[in-house]
Amino acid sequence: MLSVSHVGRRFPGGTEALRDTSLRLAESDFVALLGPSGCGKSTLLRLIAGLDQPDDGRLEWDGEAPAPGDIGYVFQDATLLPWASAEDNVFLPLRLRGLSRAAATPEVASALARVGLGGFEHARPRELSGGMRMRVSIARALVTRPRLLLMDEPFAALDEFTRHRLQADLLAVWRDAGCTVVFVTHSIYEAAFLARRILLMTSRPGRIDREIDSTLTPGPETRLDPAYAALVAEIGRGLEAALQ
Ligand code: ADP
């Protein structure tokens, strides 16, 4: 789907966020970008989204470059319009593309149902828990049926129980939607649970140091599975080596 080759990014203040960073994404991948805070994960995600341009290297899409709506973006903060209902928040990207409310209603309802929020269409953000607000944010990203879903530490601010539920539900959404997910996290446990491919980054200037592939099929028992513990340990060792 995408090949990122030898990308570098220096900010005007002099911070070199990325140097010689390369990765490839395939259709239907679930990739975790794992590294410590400040290593350039969000910078890389913004480059993939086309929100920023590299100073060195290049990004090449197989076939057509993504159109608006082909990429969904979810941030750590749900970034919802506080005065608008869940339904109106999810409708927003379709409204910006010129769809009428009537035409968009089935898509909006289906996106909310996919994230387990059927029945909450009219709730305002302040009436929803942190986890539910994040679900609205994911529904808003899914409503355009993106080929690529970019997620920047989306569950980092949630409590552990909510995070675990959202991780399991995200996997169900991913399998159902068939899109590619790039998931930024600084949690080894989260990367091990979610991702098929875990890309380990060095500290700043960040670059992808190594890849660990998972053979787990995540489910309700995965966190108790010795294979999961072994994967967590392997990632931990890999990250230590990447950070040296
Ligand atoms: P991460 O997501 O891994 O925590 P970031 O990609 O957000 O890291 O940031 C990498 C480095 O680049 C940090 O030192 C950060 O302060 C710096 N940085 C990020 N965005 C900008 C910007 N727009 N201008 C200047 N420096 C930036």
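Flag: Pro68 does not match the condition of being farther than 25 Å from Ala32 by Cα and either assigned by TED's automatic domain parsing to the domain that holds Glu27 or loosely packed, with under 15 Cβ neighbours inside 10 Å (or both).
Kindly provide the set of residues from region 12-29 that are in a loop (DSSP other than H, G, I, E, B) and either within 16 Å of the chain's Cα centre (by Cα) or not β-branched (Val, Ile, Thr) (or both), ordered by number. Selection gives Pro12, Gly13, Gly14, Ala26, Glu27, Ser28, Asp29.
Name the single residue, out of those in region 191-228 being hydroxyl-bearing (Ser, Thr, Tyr) and open to solvent by 70 Å² or more (accessible area, probe 1.4 Å), that is farthest from Phe155 (Cα to Cα).
Thr215
Restricting attention to region 166-188, the residues that are open to solvent by 10 Å² or more (accessible area, probe 1.4 Å) and either touching a His at 6+ places or on another chain (Cβ under 6 Å) or closer than 17 Å to Gln76 by Cβ (or both) total 2. Just one residue in the set Phe183, Phe155 is within 16 Å of the ligand (Cβ to nearest atom), modelled with pLDDT of 95 or more and under 22 Å from Thr43 (Cα atoms); that residue is Phe183. Return a yes/no flag: does region 115-134 have any residue that is within 13 Å of the chain's Cα centre (by Cα), buried (at least 18 other Cβ atoms within 10 Å of the Cβ) and within 30 Å of Arg19 (Cβ to Cβ). No: zero hits. Being at negative phi, more than 10 Å from the ligand (Cβ to nearest atom), free of Cβ contacts under 8 Å to residues at least 60 places away in the same chain and more than 19 Å from the chain's Cα centre (by Cα) holds for only one residue in Arg9, Arg58, and it is Arg58.
The values are calculated or read from the model by the stated rules, or taken from the named source; none is laboratory data. What you see is a predicted model; the values in this text were computed from it and never measured. Here Cβ is always computed from backbone atoms with ideal geometry, including for glycine, and neighbour counts include all displayed protein chains. Heads up: the accessible areas ignore ligands, DNA and RNA and are worked out on the full protein's heavy atoms, side chains in. Shrake-Rupley method; radii C 1.70, N 1.55, O 1.52, S 1.80 Å.
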